[in-house]
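The values are calculated or read from the model by the stated rules, or taken from the named source; none is laboratory data. Nothing here was measured: the structure is a model prediction, and the numbers come from that model. Ideal geometry is used to build each Cβ from the backbone, glycine not excepted, and the neighbour counts take in all protein chains shown.
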Amino acid sequence: MESVLEKINCSADVRNLCEKELEQLAVELREYILEVVAKQGGHLAPNLGVIELTIALHKFLHLPYDQIVWDVGHQCYAHKILSGRKEEFLTLRQKGGISGFPKPNESSCDVFVAGHSSTSISVAVGLAQAALHGGERRHVVAVIGDGAMTGGMAYEALNHGGGLQTPFTVILNDNEMSIGKNVGSLPNHLTKLRTSPRYRRGKMRLNHFLRKIPKIGDPMAYGMERMKNSFKYFLVHGVVFEEMGFVYLGPVDGHDIGALLDVLEKSASLNKPTLIHVVTKKGKGYLPAEEKPNIFHGIGSFDPDTGEANSVSGTSYTACFKKALLEEAGENDNIVAITAAMADGTGLNEFAKKYPSRFYDVGIAEQHAITFAGAMASRGYKPVVAIYSTFLQRAYDQIIQDICLSNLPVVLAIDRAGLVGEDGPTHHGLFDMAFLRTMPNMTVMVPRDGEMLKRMTKYALKQNTPMALRYPRGKIKEPILPTPNIIRGKGQILREGEEIGILAVGTFVYTALELADILERELGQKAGVADLCFVKPLDTELLCKWAKAYKHIIILEEGVQKGGVASACLEAWQEMNQSVNVLNCGFPDVFIEQGTIAELYEEYALTAPQIAAEALARWYR
């Protein structure tokens, strides 16, 4: 059979396909996405679940004039392939290749960057209003997962968009999953809608009956509308979307292209805000992903024949944190664990099994997670909130107002701090040290290896003040140095030196040791090395000693330079009236693109040989 996918070079080509070709295209897209993701990793299960929906949207809409907003953006793989990036898809998530998320600088069919969830309806309302002001009749569609609908921002946008009554379409992709199983009352409500043929049949019959009634005066019309609403609530309690100003259509089989095209046509004809409830299966068409959608949500390379991930030896920082937390929770019943739809990713899955009454998954609601934790801490509990660094940014205000202001003993376990590699700029965790260190009452700790992570976790759980513990993605560094007792605001001197002193935090301590070896070979003199251990409070005694002992100081940090660790050290030295010659080695004031961590260190001159070359050129040549 002739390949349909080979004929697709832009979105317009999809509109020329017949029904049989559309079905064949779905098969070929699944095969292609599976082939590429198996080699280089990515978000597999979410993308396999929206193949037919994506095809229907490209068949119905006229892209890029019409606009699709994806939420979360990682479900856009088929969209990228159909919108002219078929060949480039082979470079998915690679350095210099295409992103795994929508990027307007890749294609005019990507209208907005979307790396975090619950944003699409806000974007769609804005796009619809912009089109209205410009006199344009664009179809604007937001595709939002039911997991993303647990985020409060989605409801702010529904409230605003429903009130404006500017036409646009929200497609609720209901697959009963985000990364983990969805939690809260909304999934229960959607289940009622999915499983209520009585509601669908009754609504259809009532609408048919009302259309037969001749035009009537306002009082009678109001009465009929109330009768219709009463019938609706009798069948399904609380159809929240219609109360917010949207016409609700569905549920629709999200794997039936014909049905999807029909409902898109209906939505466009209404000239009102509409919400289409589409039911899909995450991982559709690939049995391992259907059976374990959480594992195949975001995955590294794997064997497509067996579904087995390519093994990577070693223990992760996440697993190390998990073990330390479980040990402490066994001794302290007041420890509770909180996450925002990331129980597996943050290592809290075992805590949830062992201590279910002390575990809370709040859904994709980082702001609520922090304030909820603060309230529990105010009543004597010890909340541990485990969130990826990039997502913690969403709760900036709550950390200040609801944790630090009242000096509450909440522990922030900040996973995926630093570079995360192929997920790129929306997911790198490079800002947490800079913004957390500005908050009064906050303590910020950065372990260099697994043993220090364990000790810092146990230390944090015994404090009565806000504590932040940040650690990277990936496998732990094996301790090659004696691990100190954790004392607030105290670093550890690892080597004494002569003219050059090196300060570092986290895994960059190991880069500092390698750097010291290179400098010793090049200069014939030892370089001092110290692990600050704490970003806040800084070890001012160590900093004072370092400023007096060394002619030059190099500071290494896996975070942004502006406002980061080096900035904090320079502020401290200024307060001491110490003049220090500093080489600041961190990430510049740009968003860091995707690539392997090794590639990105090389690009930004953060390898030990590159830093040594810079120091020697600056001070000795």
Does any residue of the stretch 551-561 turn out to be under 22 Å from ALA516 (Cα atoms), among the polar types (S, T, N, Q) and under 38 Å from the mean Cα position of the chain (by Cα)? yes
In the stretch 538-567, what residues are closer than 15 Å to MET442 by Cβ and surrounded by fewer than 24 Cβ atoms within 10 Å (Cβ to Cβ)? LEU538, GLY563
Exactly one of (1) surrounded by 20 or more Cβ atoms within 10 Å (Cβ to Cβ); (2) without any contact (Cβ under 8 Å) to a residue 40 or more places away in the chain; (3) outside any loop (DSSP other than H, G, I, E, B) is unmet by LYS59. Its number? (2)
Just to be sure before I move on: is LYS490 in contact with an Asp or Glu (Cβ under 6 Å, 6 or more places away or on another chain), under 22 Å from ILE611 (Cα atoms), surrounded by fewer than 24 Cβ atoms within 10 Å (Cβ to Cβ) and not small (Gly, Ala, Ser) in the structure I sent? no
I need the full set of residues from the stretch 107-135 which are under 27 Å from ASN9 (Cβ atoms), of a type outside the set (Gly, Ala, Ser) and not in a helix (DSSP H, G or I), in order please. CYS109, ASP110, VAL111, PHE112, VAL113
Looking at this structure, is GLU350 touching a helix residue (DSSP H, G or I) at 6+ places or on another chain (Cβ under 9 Å) and modelled with pLDDT under 95? no
Filtered residues of the stretch 5-19 (kept if exposed (fewer than 10 other Cβ atoms within 10 Å of the Cβ) and part of a loop (DSSP other than H, G, I, E, B)): CYS18
Flagged in the stretch 378-421 as over 18 Å from ALA340 (Cβ atoms) and basic (Lys, Arg), in numbering order, are ARG379, LYS382
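So that you can scan it fast, the table gives a plain yes or no per residue for (1) surrounded by fewer than 22 Cβ atoms within 10 Å (Cβ to Cβ); (2) basic (Lys, Arg):
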site: SER3; (1), (2): yes, no
site: TYR32; (1), (2): yes, no
site: VAL69; (1), (2): no, no
site: LYS86; (1), (2): yes, yes
Going through the stretch 587-621 one residue at a time, which ones are farther than 23 Å from GLY96 by Cβ, of a type outside the set (Ser, Thr, Tyr) and in contact with a helix residue (DSSP H, G or I) (Cβ under 8 Å, 6 or more places away or on another chain)? ALA608, ILE611, ALA612, ALA615, LEU616
Working carefully through the options VAL535, VAL509, VAL529, find the one that is among the β-branched types (Val, Ile, Thr), farther than 20 Å from ILE414 by Cβ, surrounded by 24 or more Cβ atoms within 10 Å (Cβ to Cβ) and not assigned by TED's automatic domain parsing to the domain that holds VAL411. VAL529
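Condition check ((1) in contact (Cβ under 8 Å) with a residue 40 or more places away in the chain; (2) assigned to a helix (DSSP H, G or I); (3) within 28 Å of ALA268 (Cβ to Cβ)) across all residues:
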{"position": "LEU63", "(1), (2), (3)": "yes, no, yes"}
{"position": "ILE81", "(1), (2), (3)": "yes, yes, yes"}
{"position": "PHE101", "(1), (2), (3)": "yes, no, yes"}
{"position": "ASN105", "(1), (2), (3)": "no, no, no"}
Taking ALA377, is it touching an Asp or Glu at 6+ places or on another chain (Cβ under 9 Å) and not hydroxyl-bearing (Ser, Thr, Tyr)? no
Quick check on the stretch 250-263: of everything there that is under 29 Å from the mean Cα position of the chain (by Cα) and within 25 Å of ALA128 (Cβ to Cβ), which residue is modelled with the lowest pLDDT? GLY250
Name the residues in the stretch 143-166 that are in a helix (DSSP H, G or I) and closer than 19 Å to PRO251 by Cα, would you? ALA148, MET149, THR150, LEU158
Of all residues in the stretch 441-480, how many are surrounded by fewer than 18 Cβ atoms within 10 Å (Cβ to Cβ), over 19 Å from GLY347 (Cα atoms) and touching a residue at least 40 places away in the same chain (Cβ under 8 Å)? 3
Going residue by residue through the stretch 279-298, is there one that turns out to be modelled with pLDDT of 90 or more, within 30 Å of MET244 (Cβ to Cβ), of a type in the set (A, V, I, L, M, F, W, C) and over 20 Å from the mean Cα position of the chain (by Cα)? yes
Exactly one of PHE296, PHE321 is in a loop (DSSP other than H, G, I, E, B), aromatic (Phe, Trp, Tyr) and either surrounded by 15 or more Cβ atoms within 10 Å (Cβ to Cβ) or without any contact (Cβ under 8 Å) to a residue 40 or more places away in the chain (or both), and that residue is PHE296
Could you give me the residue pairs with C-beta distances under 6 Å whose first residue belongs to the stretch 400-423 and is at negative phi, whose second residue is among the charged types (D, E, K, R) and part of a loop (DSSP other than H, G, I, E, B) wherever it lies, and which are 6+ apart or on separate chains? VAL420/ARG473; GLU422/ARG93
Select from the stretch 332-362 the residues that are of a type in the set (D, E, K, R), farther than 23 Å from ASN464 by Cβ and part of a helix (DSSP H, G or I) and list them in ascending order. GLU350, LYS353, LYS354
In the stretch 577-598, what count of residues is obtained for those that are more than 22 Å from the chain's Cα centre (by Cα) and surrounded by 14 or more Cβ atoms within 10 Å (Cβ to Cβ)? 7
If you check GLU602 against the conditions, is it within 17 Å of HIS428 (Cβ to Cβ), surrounded by fewer than 16 Cβ atoms within 10 Å (Cβ to Cβ), under 37 Å from the mean Cα position of the chain (by Cα) and charged (D, E, K, R)? yes
Applying the selection to the stretch 510-551, what residues are in contact with a strand residue (DSSP E or B) (Cβ under 7 Å, 6 or more places away or on another chain) and aromatic (Phe, Trp, Tyr)? PHE534, TRP546, TYR550
Just one of the numbered conditions (1) out of contact with any Asp or Glu (no Cβ under 7 Å at 6 or more places or on another chain); (2) not in a strand (DSSP E or B) is not true of ALA468; which one? (2)
Within the stretch 512-526, how many residues are within 30 Å of MET442 (Cα to Cα) and either of a type in the set (Phe, Trp, Tyr) or surrounded by fewer than 24 Cβ atoms within 10 Å (Cβ to Cβ) (or both)? 1
Complete set of residues in the stretch 480-525 that are part of a loop (DSSP other than H, G, I, E, B) and under 30 Å from the mean Cα position of the chain (by Cα): VAL505, GLY506, THR507
